[in-house]
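Notes for the one structure printed next.
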Amino acid sequence: MDAIALLQRDHEEVEQLFKEFEKLTERAHKSKEKIVNKVIRELAIHSAVEEMLFYPAVRTAALKATVRSLKEAGETVLESLEEHHVVKWTLSELEKMSSEDERYDAKFKVLMESVRHHIEEEQDELFPKARRLLGEDMLDELGERIEKAKKLAPTRPHPRAPDEPPGNVVAGTVAAVMDRAKDMMREGVERLSRRRSQEAGSSPDR
């Protein structure tokens, strides 16, 4: 799968999570928290691979372009990086909040608006230009690299970290190790909690 198809698939998966959140009732705190955690993970990985691989490739190609509209793709990438920065801060705040906080839903709705706007701009403006700039062979190669990078990318937002190479590659590698260790700890706690709930449910009444 080429790079643009991969990134579009990510967009679709995140949009599906947004729609699931929008269907939930006001008091569905646990379900909301699960969806938000999934969104945080998906967007952290997605933004990391875009910043490490896709955006630099587009900017490099745009610098060499002779057609003005294609050269402007470099500016579009810079705007996308700024949008990522805003989204990362919102994700970072959500990660620290309780799903019962009165501003939790409001903050997530603002996040959805920001991400949907970003996705629309990428798919309508950046991706068509990137396809012309990079060509199918380069996009296929980038797609392979992105798939590999996803397995090692950070899974949590790091708004203070560099967002351009080479700084983001080094920082991302370190952050990914820490993030995945935290993920394992959280998953372990969740499994233990589920097991205890099941045991409590199956225990005979005294």
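FYI, it's all coordinate maths here, none of it is from the lab. The structure displayed is predicted, hence computed values, not measured ones. Quick reminder, even Gly has a Cβ in these numbers, built from the backbone with ideal geometry, and neighbours come from all protein chains shown.
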Exercise for review: State the number of residues belonging to the range 57-88 that are outside any helix (DSSP H, G or I) and in contact (Cβ under 8 Å) with a residue 60 or more places away in the chain.
Suggested key: 1
Exercise for review: Please enumerate the residues belonging to the range 141-164 that are under 21 Å from GLU82 (Cα atoms) and either among the basic types (Lys, Arg) or touching a Cys at 6+ places or on another chain (Cβ under 7 Å) (or both).
Suggested key: ARG156, ARG160
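Report, by residue number, each residue of the range 89-110 that is under 18 Å from the mean Cα position of the chain (by Cα) and either surrounded by fewer than 18 Cβ atoms within 10 Å (Cβ to Cβ) or in contact (Cβ under 8 Å) with a residue 40 or more places away in the chain (or both). Can you show your working first?
The first filter runs over the range 89-110 and keeps only residues under 18 Å from the mean Cα position of the chain (by Cα), leaving 89-96, 107-110.
If the condition is that a residue be under 18 Å from the mean Cα position of the chain (by Cα) and either surrounded by fewer than 18 Cβ atoms within 10 Å (Cβ to Cβ) or in contact (Cβ under 8 Å) with a residue 40 or more places away in the chain (or both), then TRP89, LEU91, SER92, GLU93, LEU94, GLU95, LYS96, LYS107, PHE108, LYS109, VAL110 are the ones that fit.
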Practice item. State all residues of the range 1-55 that are in a helix (DSSP H, G or I), among the charged types (D, E, K, R) and farther than 20 Å from MET97 by Cα; if no residue qualifies, say none. Key: ARG9, ASP10, GLU12, GLU13, GLU15, LYS19, LYS23, GLU50, GLU51
Check your understanding: Is there any pair with a first residue in the range 1-23 that is surrounded by fewer than 16 Cβ atoms within 10 Å (Cβ to Cβ) and a second that is part of a helix (DSSP H, G or I) whose Cβ atoms are under 6 Å apart and which are 6 or more apart or on different chains, and what are they?
Key -> MET1/GLY143; GLU20/ILE35
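Would it be correct to say that GLU121 is acidic (Asp, Glu), closer than 16 Å to HIS11 by Cα, touching a helix residue (DSSP H, G or I) at 6+ places or on another chain (Cβ under 9 Å) and surrounded by 14 or more Cβ atoms within 10 Å (Cβ to Cβ)?
yes
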Exercise for review: With the checklist (1) within 14 Å of VAL14 (Cβ to Cβ); (2) within 13 Å of the chain's Cα centre (by Cα) in hand, flag the one item GLU113 doesn't pass.
Suggested key: (2)
Revision key, fill the gap. (1) surrounded by fewer than 16 Cβ atoms within 10 Å (Cβ to Cβ); (2) over 19 Å from GLU121 (Cβ atoms); (3) among the polar types (S, T, N, Q) all hold for ASN37 apart from (1)
